[in-house]
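Peer 1: One structure, pasted below without further comment.
Since every read-out is calculated from the coordinates, none of them should be taken as a lab result. Worth saying up front: this structure is predicted, and the values here are computed from it rather than measured. Every residue, glycine as well, gets a Cβ built from its backbone with ideal geometry; the counts of neighbours run over all protein chains shown.
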Amino acid sequence: MKYLALSSVCLFLSSFAILLAQSAYPDFNVSIYTRAREVNRMADTEWLESTWEKISSHLHVDKIYLETHRDRQIIEEDALKKLITFFKSKGLEVAGGITLTIDESNNFETFCYSNPEHRRQVKEIVELTAANFDELILDDFFFTSCKCGLCIDAKGPDRSWSDYRLELMTGAAKDLIIGPAKAINPDIKVVVKYPNWYDHFHELGFNLETQPKLFDGVYTGTETRDDVMSDQHLQPYLGYLVWRYFNNLKPGGNGGGWVDTYGSPTFDRYAEQLWQTLLAKTPEMTLFEYSAMAGPMRETMVANWKDQQTSFQYNGFLPIKEGEPMAKAAAHALDQIAPLIGKLGTPYGIKSYKPYHSTGEDFLQNFFGMIGIPMDLVPEFPMEEEGMIILTEQAKKDPEIVQKIEQRLRSGKDVMITSGLLNALQDRGLQNVVNLEYTSRKAAVDVFKIGWSGRVEGERPILIPQIEYFTNDSWEVISGLEDGLGWPIVHRGAYADANLYLLTIPENYHDLYAFPDAVLNRIREIICGSMDIRLTGPSKVSFYTYDNDTFVVESFRDEAVSVEIISLERSGGLKDLLTGEEIQATVIPARMFFGRTISPEMYSYKITLPPHSFRGGSLE
């Protein structure tokens, strides 16, 4: 009888743990990362219980990462085992984490992988972690910025720091991380998490050519914080694009996205980072970090537009009660996007080729995303891609890039290059395709001419490089004017059965946002011409497209905005994926030029967005 009673209790507890483990969000899981300092503090069971109660009473958590090392703080094995038992009893999956820093406060000082003693210590940390977990993740810092005497001697006079570190860190991944972990625990899954500053990785040894193939999985830092005041000045769209890029590096092997609470001036900016990550269709959303989730929310994060019907829905969130944790804000943000995610297919967009270890016009594709162009960053040249592709200055890294451009054009597929790439390729034979010259002169343009449709006034002067070309060999599509003279903003040159387009990038990338709506609309029309739908309207509104004929449009503006979805095919109407509202089309007549159809009949659906809000839709 006692045996049966005990069995019933065990069965109940097991069933309860399974019930707890079921995610509140069917299309993604939620995890929390815990730094070593908080893991160490969890020895205080009163603190552990109270903080977990604060978090779990507001936020459903599926998984927790317990860090074993950061800044020379190593967690004892006995303490780890107790915490693993505690969190498993709460129904959570438990994984290990490692941050390979010596002192974050000293410019994120990392281990020196030229130093035998440091290498030994890294290996021991990995072995400790592998002995206690079946999954470990390396936080952002599996790179090196060390230039000590050992590193200088090992690099030698003939190699660049980039070349030396790429080789060094590939070896470290094999010999210090993956090999020792698998030797201790053959079944362990070893994951490397990459941060958001991907355009600079190679200089610090993050090797995107070799490492994704070596590790069992990758993970993505999708935090963008405040795009003006933060040190990196990253555009909000990067949170979406970087996850898609890393998934292209290891298809199906990108385990999730990772956002912290720092540097967000409003709750909307924090929520947007979670939304960007999930719109990329990540399977897991990691919230950094445990103490921040348990810590109190700040009244200063309430936005000025709180009384409008924004996607964050302040009316269902306020007032903030004293001591309420940030976990409540995270849960509220996730609740708003969760019903939409399962209705979206696989994202797709205009492909832009970034060769491994390339630089030039850093992070520019994220500015394109912020002017309403769906982007997809890929590590291989998209030769077979139908429709337009965009090549920025990064593509100069490929020694065969001009031949690849020509081959694609000869196959009847258009290519758009930026002015930065034109400048880089001027001595590499691009003039044999279309003869364009990037000059050293600049122009401050404030008026724009779009084909034959007349002049459009800009809001302020925009500084651009002056591009020269031969009349009637190629043609201006959009011109920027200054005091009676003009230069290409968008330029077109025919070659074989296709066109090479040039997009002139302002000297300050942020000035892309200052282009008049009519200019942005024409740029989108050219780039997205082969897509079934596209966006029209102002800048700072992003457009996400999916392969099941759904889309999301999201505004990052501080004021309400109206945009239009343009469809090439007539439909029964546009349906809002969350509200069920149906919007009927307005017909846009075909455009003719000297008896030739230059634009077919199209269909427009008007959408209004409150500040910092999104809407999802499908064409019925």
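Peer 1: With a sphere of radius 11 Å drawn around the Cβ of Thr51, what net charge do the other residues whose Cβ falls strictly inside it have (Lys, Arg +1; Asp, Glu -1)?
Peer 2: Numbers: positive: Arg41, Lys54; negative: Glu38, Asp44, Glu46, Glu49, Glu53.
Within the 11 Å Cβ shell, the charges total -3.
Peer 1: Okay, next question. Between 0 and 90 degrees, rounded to the nearest ten: what's the tilt of helix 401-410 against the longest Cα principal axis of the chain?
Peer 2: Approximately 60 degrees, to the nearest ten.
Peer 1: Quick one: which residues, 5+ away or cross-chain, put their amide H under 5 Å from the amide H of Thr286? H built at 1.01 Å from N.
Peer 2: Ser31, Gly257, Trp258, Val259
Peer 1: Assuming R0 = 51 Å, what is the FRET efficiency of Glu46 and Ala498, from their Cβ-Cβ distance, to the nearest 0.05? Could the numbers behind the result be given before it?
Peer 2: Details: r = 69 Å, r/R0 = 1.35.
That pair, Glu46 with Ala498, gives E of 0.15.
Peer 1: Let me ask something else. Taking the beta-carbon count within 10 Å as an exposure proxy, list Arg72, Arg165, Arg408, Arg492 from fewest neighbours to most.
Peer 2: On the way: Arg72 10, Arg165 27, Arg408 23, Arg492 18.
Arranged by neighbour count, lowest to highest, Arg72, Arg165, Arg408, Arg492 become Arg72, Arg492, Arg408, Arg165.
Peer 1: What trypsin sites (Lys or Arg not before Pro) does the range 531-620 have in DSSP loop regions with at most 12 other beta carbons within 10 Å? Let's see the in-between values first.
Peer 2: Values: sites: Arg534, Lys540, Arg557, Arg570, Lys575, Arg591, Arg596, Lys606, Arg615; in loops: Lys540, Arg557, Arg570.
Sites meeting the loop and neighbour criteria: Arg570.
Peer 1: Moving to a separate point now. Could you grab the relative contact order for the range 31-341? Cα pairs under 8 Å, six or more apart, rounded to a whole percent.
Peer 2: Here the relative contact order equals 16 percent.
Peer 1: Provide the FRET efficiency to the nearest 0.05 for the Asp103-Asp446 pair, computing r from the beta carbons and using R0 = 60 Å. Numbers along the way, then the final one.
Peer 2: Details: r = 49 Å, r/R0 = 0.82.
Computed FRET efficiency for Asp103 and Asp446: 0.75.
Peer 1: Here is a follow-up. For the chain, calculate the relative contact order in percent as a whole number, restricting contacts to Cα pairs under 8 Å that are 6 or more residues apart. Mind dumping the intermediate values first?
Peer 2: Details: 1323 pairs, mean separation 59.2, N = 620.
It rounds to 10 percent for the chain.
Peer 1: Express in nm, to one decimal, how much length is gained between Leu214 and Arg410 on full extension, taking 0.36 nm for each residue of separation and deducting their alpha carbon distance. All intermediate terms of the calculation are to be shown ahead of the outcome.
Peer 2: Values: separation 196, 0.36 × 196 = 70.56 nm, distance 3.70 nm.
Taking 0.36 nm per residue and subtracting the Cα distance, the gain is 66.9 nm.
Peer 1: Counting other beta carbons within 10 Å of each Cβ, put Trp305, Trp275 in order, fewest first. Could you put the intermediate results ahead of the total?
Peer 2: Numbers: Trp305 20, Trp275 28.
Exposure proxy ranking, most exposed first: Trp305, Trp275.
Peer 1: Calculate, in nm to one decimal, what Ser230 and Glu385 gain on full extension: separation in residues at 0.36 nm each, minus their alpha carbon distance.
Peer 2: Working: separation 155, 0.36 × 155 = 55.80 nm, distance 3.60 nm.
Gain on stretching Ser230 to Glu385: 52.2 nm.
Peer 1: Sticking with this structure for a sec: Determine ³J(HN,Hα), in whole Hz, for all residues of the range 143-148 in sequence, where each value follows from phi through the Karplus function 6.51 cos²θ - 1.76 cosθ + 1.60 and θ = phi - 60°; x replaces Gly and Pro.
Peer 2: Working through the residues one at a time gives 9, 9, 10, 6, 10, 6 Hz.
Peer 1: Which part of the range 461-495 falls in the paramagnetic zone of Phe594, meaning amide N under 17 Å from the point 7 Å along Cα-to-beta-carbon?
Peer 2: 471-477, 492-494
Peer 1: When only DSSP loop residues count, what GluC sites (Glu not before Pro) in the range 576-605 have their Cβ near at most 13 other Cβ atoms within 10 Å? Before the final figure, lay out the partial values.
Peer 2: On the way: sites: Glu581, Glu582, Glu601; in loops: Glu581, Glu601.
Answer by residue number: Glu581, Glu601.
Peer 1: Using a simple spin-label model with points 7 Å from Cα along the Cα→Cβ vector, what separation in nm is obtained for Ser57 and Glu620?
Peer 2: Distance between label points: 4.4 nm.
Peer 1: Just to check I understand the Karplus step: with θ = phi - 60° and J = 6.51 cos²θ - 1.76 cosθ + 1.60, what whole-Hz values come out for the range 532-537, glycine and proline as x?
Peer 2: Working through the residues one at a time gives 6, 9, 8, 9, 10, x Hz.
Peer 1: A further question follows. Among Cys148, Cys528, which comes first, then next, by fewest other beta-carbon atoms within 10 Å?
Peer 2: Working: Cys148 11, Cys528 22.
Ordered from fewest to most neighbouring Cβ atoms within 10 Å, Cys148, Cys528 come out as Cys148, Cys528.
Peer 1: Would you mind calculating the gained length between Ser160 and Asp335 on full extension (0.36 nm times residue separation, minus the Cα-Cα distance), in nm to one decimal? Spell out each step's value before the answer.
Peer 2: On the way: separation 175, 0.36 × 175 = 63.00 nm, distance 4.78 nm.
Taking Ser160 through Asp335 to full extension adds about 58.2 nm, to one decimal.
Peer 1: Note the angle between two axes, namely the Cα long axis of helix 326-341 and the longest principal axis of the Cα atoms of the chain, as a number of degrees from 0 to 90, rounded to the nearest 10.
Peer 2: Roughly 50 degrees, rounded to the nearest 10.
Peer 1: Can you work out the Karplus-derived ³J(HN,Hα) for every residue in the range 230-238? Use 6.51 cos²θ - 1.76 cosθ + 1.60 with θ = phi - 60°, whole Hz, and x for glycine or proline.
Peer 2: Computed from phi, the couplings for the range 230-238 are 6, 5, 8, 6, 7, 6, x, 4, 4 Hz.
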